[in-house]
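The values are calculated or read from the model by the stated rules, or taken from the named source; none is laboratory data. Computed from a predicted model, the values in this text were never measured in an experiment. Using ideal geometry, Cβ is built from the backbone for each residue, glycine included, and neighbour counts are taken over all protein chains shown.
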Amino acid sequence: MVSFADLGLSQKVLQAVEDAGYSQPTPIQEGAIPHALQGKDVCGIAQTGTGKTASFVLPMITRLERGRARARMPRTLILEPTRELAAQVGENFQKYGKYHKLNVALLIGGVSFGDQEKKLERGADVLIATPGRLLDHSERGKLLLTGVDILVIDEADRMLDMGFIPDIERIVSLIPFTRQTLFFSATMPPEIQRLADKFLQGPVRVETARPSTTATTVEQRLIKTGGKDYEKRATLRDALKSQDNIKNAIIFCNRKRDVSTVWKSLEKHGFSVGALHGDMDQRSRSQMLQGFKDNEIQILVASDVAARGLDIPDVSHVFNYDIPIHAEDYVHRIGRTGRAGREGQAFSLVEKSATKYLDAIEKLIEKKIDWIELPGSAADNNDAKETAEPKRKKRGNNRKRGEKSDEKVEQSASENVTDNAKDERKAKIKENNAKKKSGKDDDRQRNKKKVDNDNNQPTGFGDEDSIPAFMFNGR
C-alpha cells in the first residue's frame, strides 16, 4: 500500500497532510504527484471528488520551499473558471502550507483592485486567478508573468470549453516557454484534448478512470415531469418530500432566472433553501456557500457555477431540475455527491423536450439510467385532472327524441313572459322618441321662419334704433 511518504513530498507537507487526517493518497494523487515533483507536464483525468486539487497543491508547496517571490512577479499561477473554485484552492494552500511562509494572492472579481494590488506588490509565491481579472491587472501594468515557473489550468475542459480560449492563449503567451504546465479535469473530450495539447510539452497522462464516467457510489434515477414550469416545481417538491434521508442537497438549473424562481418557490413552501448563481456579488455568494457548508441551509439551488470542483464532502443528494444541455456537465453535477467513498443519490427531472439531452448523457456515460415513479404521483395527477375538468352532466336523461325536459319547458314559459314585457317597453320608447322628434322639427321650422322675416325687413333711418351711433354726435 502506497503512502504519502512514498511520493517524495517534503517533511513539512507530510506533517500538514497528516494533520488534515489523510494517510493514503487517492489514485490520481499517487499517479500525478511524483511526475509533478519532477517538473514534468501532467494531464490528469479523474472523477470529481477524488482529490485532484491536492494532486497539484502538494507538489507545488514542496517545490516552492526554495526561492522567494519578487514584487508583481508571481512564481506560480493557477487559473480557475470560477471565483468559488479559486477561493477553495486558496483554502487548500492554507491547510497544506501551514508550516510554510508562502504568500498566496487571489485575483477574482467582486474584490477591489486596490487590495489585490497591495498583495501583488508584496510578492506572490502562488497566484490564484480567474482569467478575466488576471488580464485586467496585466493590462493595468500591475502584474508581470515572466517569472512564472508552474502553470496550472484546473478544470481544463471547462476552462477551454466555456469560451476562455482567447484569454487562456493570451495568458500563456505572457508566460515563459520553459514553464511546467499541469492540466486537471474530470472530463477531456477529444476536441478539448487537441486544444490542451497546445499548452503541454510531452505530457504525462494520468488517467484513473475512463473519461466522463460517473462514480459507482452515486445512485442515479430519472423522474418524468410535465413541461410547464409549475408542473416541474411541483414534481421537484414531491421528489424532495419522497426522500427521508436528505442531509443536504444541491438543485441544479440550466438558467440563472430559474435558480431564483425555484429558490423563491421552495422557500414559500417551507424548505430551508438558498441560491447560488453567477449574477450574485462575491460577498453574497460566499455567505450562501458558507451557510450551506455549515448546515445552516439544507438545500442549495445553483447554476453550473457551483458544479465545478466545489469541495463540499458530504452532500447526500443532487437534483437536476433541468437536464444539462452538455452531457459532460451531468458528470460534474452529480459528482457533487458520493464524494470520498461516501454514497450519494442523484435525481433528474425529465420533460419530453429534454429526451435528446438524456440520450446524449446515457451515451457518454455508457449506462442506462433507471426511471422511478414518485409515491402518490399518479393519484395526485388524477385528482388534479378531476378538479380541473369536472364531470359533465349526461345529456338526454332517457328522453325521447324531440321532447323537452321539464326545466326547458319552464324556461321557455318564463322566456315568453319576459319577451312580451320587452316588446311593450320597446313600443313605448319608440312612441316617446317619435314625439320628441316631431317637437324638435316644429322648433326648427319656427326658427327658420323668424330668420327669413328678419332678413326681408328693410333697413332705413326712420327709426332711431336703426341709426348708427356715430350719427348722434351732431345732435
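Whenever a residue of region 284-297 is in contact (Cβ under 8 Å) with a residue 60 or more places away in the chain, its partners that are among the acidic types (D, E) and part of a helix (DSSP H, G or I), lying with C-beta atoms within less than 9 angstrom and at least six residues away or across chains, give the pairs R285/E84; S286/E84; L289/E84. In this structure, L58 does not qualify as touching a residue at least 40 places away in the same chain (Cβ under 8 Å) and over 33 Å from the mean Cα position of the chain (by Cα). Does region 141-157 include one or more residues that are in the same structural domain as L120 (by TED's automatic domain parsing), touching an Asp or Glu at 6+ places or on another chain (Cβ under 9 Å) and hydroxyl-bearing (S, T, Y)? No; the residues of region 141-157 include none that is in the same structural domain as L120 (by TED's automatic domain parsing), touching an Asp or Glu at 6+ places or on another chain (Cβ under 9 Å) and hydroxyl-bearing (S, T, Y). Only one of the numbered conditions (1) over 26 Å from the mean Cα position of the chain (by Cα); (2) closer than 22 Å to L200 by Cβ is violated by R68, and that is (2). Condition (residue is touching a residue at least 60 places away in the same chain (Cβ under 8 Å), outside the structural domain of R339 (by TED's automatic domain parsing) and of a type in the set (S, T, Y)) applied to region 218-232: is it met by at least one residue? No - not one qualifying residue is present in region 218-232. Only one of these conditions is not met by S138: (1) within 28 Å of S284 (Cα to Cα); (2) under 29 Å from the mean Cα position of the chain (by Cα). Which number is it? So the condition that S138 fails would be (2). Looking only at residues in region 165-192 that are more than 20 Å from L145 (Cβ to Cβ) and without any contact (Cβ under 8 Å) to a residue 60 or more places away in the chain, the one that is surrounded by the fewest Cβ atoms within 10 Å (Cβ to Cβ) is P190.
Okay, residues lined up against (1) surrounded by 17 or more Cβ atoms within 10 Å (Cβ to Cβ); (2) in contact (Cβ under 8 Å) with a residue 40 or more places away in the chain; (3) more than 22 Å from F93 (Cα to Cα):
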{"residue": "R133", "(1), (2), (3)": "yes, no, no"}
{"residue": "L143", "(1), (2), (3)": "yes, yes, no"}
{"residue": "E155", "(1), (2), (3)": "yes, yes, no"}
{"residue": "M162", "(1), (2), (3)": "no, yes, yes"}
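Can you tell me which residues in region 125-142 are assigned to a loop (DSSP other than H, G, I, E, B) and modelled with pLDDT under 95?
Going through region 125-142, the residues assigned to a loop (DSSP other than H, G, I, E, B) turn out to be 125, 130, 140-142.
The answer is T130, R140, G141, K142.
Here region 15-28 is the region considered, the condition is being assigned to a helix (DSSP H, G or I) and either surrounded by fewer than 18 Cβ atoms within 10 Å (Cβ to Cβ) or modelled with pLDDT under 95 (or both), and the residue that is farthest from the chain's Cα centre (by Cα) is Q15. Considered as a group, the residues in region 151-168 that are part of a helix (DSSP H, G or I) and among the charged types (D, E, K, R) include one that is modelled with the lowest pLDDT, and that residue is D161.
In region 215-260, the qualifying residues are those that are buried (at least 19 other Cβ atoms within 10 Å of the Cβ) and over 22 Å from the mean Cα position of the chain (by Cα), and the one that is modelled with the highest pLDDT is V218. Note on region 69-118: residues that are acidic (D, E) and either assigned to a loop (DSSP other than H, G, I, E, B) or touching a residue at least 24 places away in the same chain (Cβ under 8 Å) (or both) total 3. Within 23 Å of Q201 (Cβ to Cβ) and either of a type in the set (G, A, S) or in the same structural domain as G344 (by TED's automatic domain parsing) (or both): which single residue out of G49, G21, G44 fits that description? None of the others qualify; the one that does is G44.
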